[in-house]
Every structure is written in structure tokens, then in C-alpha cells.
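Below: one structure, written as C-alpha cells.
The values are calculated or read from the model by the stated rules, or taken from the named source; none is laboratory data. Since the structure is predicted, the reported quantities are computational estimates derived from the model, not experimental observations. Cβ coordinates were reconstructed from backbone atoms using ideal geometry, including for glycine residues, and neighbour counts include every protein chain displayed.
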Amino acid sequence: MFDDIYSSARSAALELCEKARLTAGQIVVVGCSTSEIAGYSVGTNSSPEFGGAVFGAVYGILYERGIFLAAQCCEHLNRALVTERAAAASYEIVNAVPVPGAGGAFAASAYAGFRDPVVVGSISADAGLDIGGTLIGMHLKRVAVPLRLDTAFIGKAHVTAARTRPALTGGSRAQYDESLL
């Protein structure tokens, strides 16, 4: 089961990188309910093993591309995010250490797995993965564009993905840079 979860999470991260055209230095927010992966309701059956499998898969893909991961905590930590200190330069650091019962198993795995972890209250990410209906939208830049991934589930949790783009400014005569759309 863990191999399937790892493999699905890796596939979703690879697809996101490709379809969102992510580049080094960008930030990807990931919210992950390990309870939903196991087939339970959010927050009812946290699994450190599943959190570690998803973290290992996603972080590995992003790290090798120079893309920062921001792991969203659960509502018990007000959906704060765990990220590397280097990604947090322009965000307010808050004092919390996520654990499976308060913060979530995925965020706890990120805190343990990052080289220099910090927790921030909010972030403006360039793309995101929502695994199990964790509501990552508040942490995406202003104009989010849904992405359909071939990897629609990790375990029993539905996967939703998004990328962001700059807002289109102007009227009917405006012209736009197609590479930013």
C-alpha cells in the first residue's frame, strides 16, 4: 500500500511540474489528508506512514528541480505551512511544530524532513496539490487555474491541482504575453 501511495504522489508531483511549467525558485503548496488517503474522513485517522510516503515522493520531485514545497498544516494550526527557511524570506514565521494530532501527519513529516524547516502563517504559492479536500486555495496566488491530472487519486483521497498566472490587465485592445498564460 505504501508503495502505491508513494508512486501516486510521485506521479502527481511530476504531472504538476510539467503541466504548470514550474521552474526553480517557485513554491508549490500541498495539503494532504492522510485520513482521506486511508478512506476515512479528514482528521479522523492520521497516518504518519502515509504522510511520510507522500512527503518523500513530492519533496523528492520538487527538490531535484529547485522548487520549494510548502506543506499545509490542518485547521488546528490555522492551516499554517511548513517550508524551508529559504522560501520563507518574505513571509511571517510563526511558532508551531506540527504533529499528527495537531498540524497533520504530512506537515509533521515535512517538518522532520526539511533541511531547515520553519512554519509560516500564509504563503502565495505558484501551484498546488490538494490531496483529500484540504482547501489549499487560500495559499495560492490570486489567479488560480485548475489543472486536470491523470493521477486523480492517492489511495482513496481525491487529488485536485492548480497553477497560477498573472492577472490579465487591460481592455479589448490589450495584448498579452502568451508564455504567462
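Can you list residue pairs whose Cβ atoms sit under 6 Å apart, with the first residue in the stretch 45-59 being within 9 Å of Ala105 (Cβ to Cβ) and the second being surrounded by fewer than 23 Cβ atoms within 10 Å (Cβ to Cβ) and of a type outside the set (Gly, Ala, Ser)? Count only pairs 6 or more apart in sequence or on different chains.
From residues that are within 9 Å of Ala105 (Cβ to Cβ), the pairs are Ser46/Pro100; Pro48/Pro100.
Every residue in the stretch 134-151 that is more than 20 Å from Leu22 (Cα to Cα) and surrounded by 15 or more Cβ atoms within 10 Å (Cβ to Cβ), please. First the steps, then the outcome.
Going through the stretch 134-151, the residues more than 20 Å from Leu22 (Cα to Cα) turn out to be 134-135.
Thr134, the sole residue that qualifies.
Pick from Leu81, Leu16, Leu69, Leu22: which is in contact (Cβ under 8 Å) with a residue 60 or more places away in the chain, among the hydrophobic types (A, V, I, L, M, F, W, C) and buried (at least 24 other Cβ atoms within 10 Å of the Cβ)? Working first, answer last.
Details: Leu81 fails: in contact (Cβ under 8 Å) with a residue 60 or more places away in the chain; Leu69 fails: in contact (Cβ under 8 Å) with a residue 60 or more places away in the chain; Leu22 fails: buried (at least 24 other Cβ atoms within 10 Å of the Cβ).
Of the residues listed, the single one that is in contact (Cβ under 8 Å) with a residue 60 or more places away in the chain, among the hydrophobic types (A, V, I, L, M, F, W, C) and buried (at least 24 other Cβ atoms within 10 Å of the Cβ) is Leu16.
Please find, within the stretch 152-171, the residue that is surrounded by the fewest Cβ atoms within 10 Å (Cβ to Cβ) out of those that are of a type in the set (A, V, I, L, M) and within 18 Å of Ala20 (Cα to Cα). Give the steps one after another, and end with the answer.
Pass one, the stretch 152-171, residues of a type in the set (A, V, I, L, M): 152, 154, 157, 159, 161-162, 167-168.
Those left that are additionally within 18 Å of Ala20 (Cα to Cα): 152, 159, 161-162, 167-168.
Working: Ala152: 13, Val159: 23, Ala161: 25, Ala162: 21, Ala167: 8, Leu168: 10.
Taking the candidates together, the pick is Ala167.
How about the stretch 86-101: which of its residues are surrounded by 16 or more Cβ atoms within 10 Å (Cβ to Cβ), farther than 15 Å from Glu49 by Cβ and within 18 Å of the chain's Cα centre (by Cα)? Step through it out loud before you land on a result.
Looking only at the stretch 86-101, we keep the residues that are surrounded by 16 or more Cβ atoms within 10 Å (Cβ to Cβ), and these are 87-88, 91, 96, 98-100.
Now drop any that are not farther than 15 Å from Glu49 by Cβ, which leaves 87-88, 91, 96, 98.
Of everything in the stretch 86-101, those that are surrounded by 16 or more Cβ atoms within 10 Å (Cβ to Cβ), farther than 15 Å from Glu49 by Cβ and within 18 Å of the chain's Cα centre (by Cα) turn out to be Ala87, Ala88, Tyr91, Pro98.
Of everything in the stretch 23-52, what is under 24 Å from Asp126 (Cβ atoms), among the hydrophobic types (A, V, I, L, M, F, W, C) and more than 12 Å from the chain's Cα centre (by Cα)? Give them in sequence order.
Within the stretch 23-52, just Ala24 meets the criteria.
Of the residues in the stretch 3-36, how many are among the basic types (Lys, Arg) and within 23 Å of Leu180 (Cβ to Cβ)? Write out each step before concluding.
Here is the first cut: in the stretch 3-36, the residues among the basic types (Lys, Arg) are 10, 19, 21.
Okay, now just the ones that are also within 23 Å of Leu180 (Cβ to Cβ), so 19, 21.
Qualifying residue count, the stretch 3-36: 2.
Looking at (1) in contact (Cβ under 8 Å) with a residue 60 or more places away in the chain; (2) touching a helix residue (DSSP H, G or I) at 6+ places or on another chain (Cβ under 6 Å), find the lone condition where Pro166 falls short.
Single failed check for Pro166: (1).
It is to be established whether one or more residues within the stretch 110-117 are buried (at least 22 other Cβ atoms within 10 Å of the Cβ) and in a helix (DSSP H, G or I). Step through it out loud before you land on a result.
Of all residues in the stretch 110-117, those buried (at least 22 other Cβ atoms within 10 Å of the Cβ) come to 110.
Then keep just the ones that are in a helix (DSSP H, G or I); that gives 110.
Yes, some residue in the stretch 110-117 is buried (at least 22 other Cβ atoms within 10 Å of the Cβ) and in a helix (DSSP H, G or I).
Within the stretch 44-58, is even one residue in contact with an Asp or Glu (Cβ under 6 Å, 6 or more places away or on another chain) and farther than 16 Å from Phe114 by Cβ?
Restricting attention to the stretch 44-58, the residues satisfying the condition of being in contact with an Asp or Glu (Cβ under 6 Å, 6 or more places away or on another chain) are none.
Looking through the stretch 44-58, none of the residues is in contact with an Asp or Glu (Cβ under 6 Å, 6 or more places away or on another chain) and farther than 16 Å from Phe114 by Cβ.
Could you list all residues from the stretch 172-181 that are assigned to a loop (DSSP other than H, G, I, E, B) and under 24 Å from Glu18 (Cβ atoms)?
Applying the first criterion (assigned to a loop (DSSP other than H, G, I, E, B)) to the stretch 172-181 yields 172-177, 181.
Hits for the stretch 172-181 are Tyr176, Asp177, Leu181.
Say whether the condition of being aliphatic (A, V, I, L, M), in a loop (DSSP other than H, G, I, E, B) and out of contact with any strand residue (DSSP E or B) (no Cβ under 6 Å at 6 or more places or on another chain) is met by at least one residue in the stretch 124-137. Please lay out each step first, then the result.
The first filter runs over the stretch 124-137 and keeps only residues aliphatic (A, V, I, L, M), leaving 125, 127, 129, 131, 135-136.
Adding the requirement that they be in a loop (DSSP other than H, G, I, E, B) leaves 135-136.
When the remaining residues are screened for being out of contact with any strand residue (DSSP E or B) (no Cβ under 6 Å at 6 or more places or on another chain), the result is 135.
Yes, the conditions are met somewhere in the stretch 124-137.
From the list Thr160, Thr169, Thr151, pick out the single residue that is part of a loop (DSSP other than H, G, I, E, B), of a type in the set (Val, Ile, Thr) and at pLDDT 95 or above. Steps first, answer last, please.
Values: Thr160 fails: part of a loop (DSSP other than H, G, I, E, B); Thr169 fails: at pLDDT 95 or above.
Only one candidate qualifies: Thr151.
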